[in-house]
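Here the structure comes first, spelled out in structure tokens, and everything after it is commentary.
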Amino acid sequence: MAAYTLTKAGHKVLMLEAGRDYDPVKETPMLNTNGEALLMGAGTVDKDFGFYDATVDGGWTVPGEPYTTGESSDFYWWRARMLGGRTNHWGRFSLRFSKHDFKGFSRDGLGADWPIEYADLAPWYDKTEELVGVCGTNTGLDDMPDSAEGILQPPPKARVTELLVSAAAKTLGIPTAPMHRAVLTRAKGDRQACFYASPCGRGCSLGAAFQTTTSLIPMAKATGNLRVLTDAMVKEVNVDENGKVNAITYIDKKTAKQHKLAARVVILAASACESARLLLNSKSGNFPVGLANSSGQVGRNIMDSTGTGLGAHIPALEGRPIYNEDGHSSNHLFIPWWGHKQQAKGELDFPRGYHYELNSGFKEPGAGVGGKLQGYGKALKDQVKRITAPESD
Ligand SMILES: Cc1cc2nc3c(=O)[nH]c(=O)nc-3n(C[C@H](O)[C@H](O)[C@H](O)COP(=O)(O)OP(=O)(O)OC[C@H]3O[C@@H](n4cnc5c(N)ncnc54)[C@H](O)[C@@H]3O)c2cc1C
């Protein structure tokens, strides 16, 4: 995003990417069936998110990149090593922090307030959503801030399952809302609208599901100001005798040779953990504990989002006519953050509640569907038709 903004403003930018080059138009298996894939497309050690997942290089483990965790720590870190990084397969859920996320301490006395507030970022959220292309609606809900008028594209219609959950939630006083997702429902520039035929996690050669390899990178290249070097693993940021950044050092992974490139300005955008690691690796006389680390806080206090999955079989939805349940390969409707009041009343034993991302609908069965079925022949096929497990994003 920085490269796009700078090249558009007329600056020359060199982008160094540790992973391989990736062309979604040629490489995305959008319409392949699970039956054509090994193990019906199931996840393996090499392809954690399934055979067709867009992460063509990298994952929970990256060959050649040792990864260890502290004692009794279980932190896994997804590292996509390819042009476009994790944007090629991310869930495209595009939610804003709310005013409460910035001022949590003021609300419930836990953690610390941020030194900035929601209003400081709101115009930047608008700019980003407009650039990326996000669908959804403004709800006026406290925990789901509205976008400026005209920014959001219309959301896809809620599916029958989502309507059922929504009606049930309503009786409990729990709000539901169209999910905000970075998937186009209307064409935008060279990017086409989604035609609802392929799981977004495979990547999107149409550019409907936002990923930088079909949008910002080609748009930046079109300015003539961007050069991209792939298989270039940055090792450290170099400074001159006054402590001013003047170069970067990288390893060409194909030749294992080290190179140093002069630079007036360096932007580290190698993901939160790797950018921190690069700062810590950039030690010099002026910066003995790493660059920008006089506080000693670089690489500490990491926060991640955590989640869990829950599946349910709703008999009321069984046996309905089978039709093309068009839509995103993920939820159209969701339950925004709620539970603060329940926590305050002692009804929840953890702070700040949670949100629900519902996934449902008729889908092409994947490998996982077999685990829930018994028998063979026509009886088995009938069961598959009755209870199809959604293919995960
Ligand atoms: C399965 C999954 C689902 C997700 N779903 C959502 C979602 O629905 N909504 C949401 O908001 N977020 C989601 N995320 C998170 C989101 O994808 C990331 O927060 C976002 O992509 C981070 O962008 P980034 O540019 O910081 O890092 P990345 O996308 O990881 O890109 C970093 C790039 O830097 C390269 N790099 C790393 N080290 C070096 C080096 N030393 N030298 C040169 N290049 C280097 C990497 O190869 C990579 O291409 C999801 C993530 C995963 C894994």
Most fluctuating residue of Ser329, Ser94, Ser294 in a GNM of the chain with Cα springs under 10 Å: which is it?
Ser294
Cα-based reach from Lys341 at 19 Å (exclusive), listing lysines while leaving out same-chain residues under 8 positions away
Lys99, Lys103, Lys170
Name the residues whose placed amide hydrogens come within less than 5 Å of the amide hydrogen of Gly58, ignoring near sequence neighbours (fewer than 5 apart) on the same chain.
Arg81
In square angstrom, what is the accessible area per residue of the stretch 55-179 with a 1.4 angstrom probe?
55
Angle in degrees between helix 377-386 and the longest Cα principal axis of the chain, rounded to the nearest 10:
70
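Mind listing which trypsin sites (Lys or Arg not before Pro) in the stretch 1-72 are in a DSSP loop and have 14 or fewer other Cβ atoms within 10 Å?
Lys12
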Below 19 Å, Cα to Cα, which aspartates and glutamates can Lys244 reach? Residues fewer than 8 away in the same chain don't count.
Glu236
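Show that you can apply the helix-only estimate: for the chain, add -39,500 (n - 2.57) for every DSSP H stretch of four or more residues, divide by all residues, and state [θ] at 222 nm to the nearest 500.
Values: 10 runs with 78 residues, N = 393.
-5500 deg cm²/dmol, from helical runs alone.
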Checking rank on 281-291, 103-113, with mean other Cβ inside 10 Å and highest first, the result is 281-291, 103-113
For the stretch 236-241, Karplus-derived ³J(HN,Hα) couplings (6.51, -1.76, 1.60; θ = phi - 60°; whole Hz; x for glycine and proline) come out as 7, 9, 9, 10, 7, 5
What is the gain in length, in nm to one decimal, between Ser106 and Thr306 on full extension, counting 0.36 nm per residue of separation less the C-alpha to C-alpha distance?
69.7 nm
Rounded to a whole number, what % of the accessible area of the stretch 13-134 do carbon and sulfur atoms account for, probe 1.4 Å?
59
Of 227-236, 204-213, ordering from highest average Cβ density within 10 Å down gives 204-213, 227-236
The ³J(HN,Hα) series, computed from each phi in the stretch 112-124 with the Karplus coefficients 6.51, -1.76 and 1.60 at θ = phi - 60°, rounded to the nearest Hz and given as x for glycine or proline, is 9, 6, 6, x, 10, 10, 3, 4, 5, 9, 3, x, 6
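Which percent, to the nearest 5, of DSSP beta bridges fully inside the chain are antiparallel? Write down the numbers at each step before the final one.
On the way: 24 of 30 bridges.
Close to 80 percent.
Which whole-number percent gives the relative contact order of the chain, counting Cα pairs below 8 Å spaced six or more residues apart?
About 19 percent, as a whole number.
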Could you tell me the calculated FRET efficiency between Lys257 and Leu373, based on Cβ-Cβ distance and R0 = 51 angstrom, to the nearest 0.05?
0.40
Hey, what's the stretch 192-269 come to in accessible area per residue, 1.4 Å probe, Å²?
51
If unit charges are put on Cβ atoms (+1 for Lys and Arg, -1 for Asp and Glu) and the dipole of the chain is taken about its Cα centre, the option from Phe287, Leu131, Met144 lying farthest towards the positive end turns out to be Leu131
Taking N as the number of residues in the chain, what is its alpha-carbon radius of gyration divided by 2.2 N^0.38 Å?
1.09
With the dipole of the stretch 105-239 defined by +1 on each Lys or Arg Cβ and -1 on each Asp or Glu Cβ, the option from Ala158, Val239, Tyr118 whose Cα lies farthest towards the positive pole is Ala158
How large is the Kirkwood hydrodynamic radius of the stretch 205-342, counting all unique pairs of alpha carbons, in Å?
20.3
Using the Karplus curve 6.51 cos²θ - 1.76 cosθ + 1.60 with θ = phi - 60°, what ³J(HN,Hα) values do you get for each residue of the stretch 261-266, in whole Hz, with x for Gly and Pro?
10, 5, 8, 7, 9, 10
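The values are calculated or read from the model by the stated rules, or taken from the named source; none is laboratory data. Treat the numbers as computed from the prediction; the structure is a model and nothing was measured. For neighbour counting, all protein chains shown are included, and Cβ atoms are generated from backbone atoms with ideal geometry for every residue, glycine included. Heavy atoms of the whole protein, side chains included, go into the accessibility calculation; ligands, DNA and RNA do not. Shrake-Rupley method; radii C 1.70, N 1.55, O 1.52, S 1.80 Å.
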